[in-house]
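First up is the structure itself, then whatever we jot down about it.
The values are calculated or read from the model by the stated rules, or taken from the named source; none is laboratory data. Since the structure is predicted, the reported quantities are computational estimates derived from the model, not experimental observations. Glycine gets a Cβ as well: all are built from the backbone with ideal geometry, and neighbour counts include every protein chain shown.
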Amino acid sequence: MEKEMEAKVLLVDDEQDFLETLSSRLEMRGLKVSAVTSGEQAVTEAKQQDYDAIIVDLAMPGIDGLETLKRIKADNPNAEIIMLTGQASVQSGVEAMKLGAGDFLQKPVELSELMDKIGEAKSKKMLVLQKQSQEELRKIIKSKSW
């Protein structure tokens with residue numbers, strides 16, 4: 001039995017059935033899931049909330065997964081983004097990684113693999129936050145003339 005993980009996840013996919021199924025499967029494993037059906041909604045949601053991982057489908061109408069990735073990273077360079085695709089190509093995978101995706105997974109995705117990737121994303125995010133806190137602390141201590 002997989003242990004439950006506490007993480008806040010944003011799912012982005014234009015396929016409503018896939019979104020609902022994956023959301024409920026992740027929620028059963030203890031994750032707090034928000035789901036949106038477009039890149040535009042994802043960009044807005046990522047500005048309003050902080051997520052441990054953002055899972056984005058590559059092929060969507062409107063702004064696609066790569067453009068969604070670019071826009072989210074422009075607003076939040078530390079966002080941990082996992083790309084999902086049903087039609088992966090080496091080129092799109094390389095492009096996603098260049099743009100800052102943490103991972104690139106093929107649909108249908110194994111839930112255990114996705115859970116591992118979400119756990120890795122959360123760990124990376126925690127390390128970044130810890131480093132930022134340490135930097136802030138150093139600045140505060142330096143500014144004091146004790």
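Assorted remarks:
- Qualifying positions in region 78-106 - surrounded by fewer than 16 Cβ atoms within 10 Å (Cβ to Cβ) and either more than 26 Å from K47 (Cβ to Cβ) or aromatic (F, W, Y) (or both): G86, Q87, S89, V90, Q91, V94, Q106
- Tabulated pairs, region 123-146, first in contact (Cβ under 8 Å) with a residue 24 or more places away in the chain, second among the acidic types (D, E), C-beta under 7 angstrom, 6+ apart or interchain: K124/E80; K125/D52; K125/E80
- Single residue of region 113-130 satisfying the filter (out of contact with any Asp or Glu (no Cβ under 7 Å at 6 or more places or on another chain) and not hydrophobic (A, V, I, L, M, F, W, C)) that is surrounded by the fewest Cβ atoms within 10 Å (Cβ to Cβ): Q130
- Residue count for region 1-32 satisfying the condition of being touching an Asp or Glu at 6+ places or on another chain (Cβ under 7 Å) and closer than 21 Å to D64 by Cα: 6.
- Selected residue (only one of V56, V36 is touching a Ser or Thr at 6+ places or on another chain (Cβ under 7 Å), crowded, with 16+ Cβ neighbours inside 10 Å and modelled with pLDDT of 95 or more): V56
- Selection from region 1-48 of residues that are within 12 Å of the chain's Cα centre (by Cα), under 21 Å from L127 (Cα atoms) and of a type outside the set (K, R): A7, V9, L10, A46
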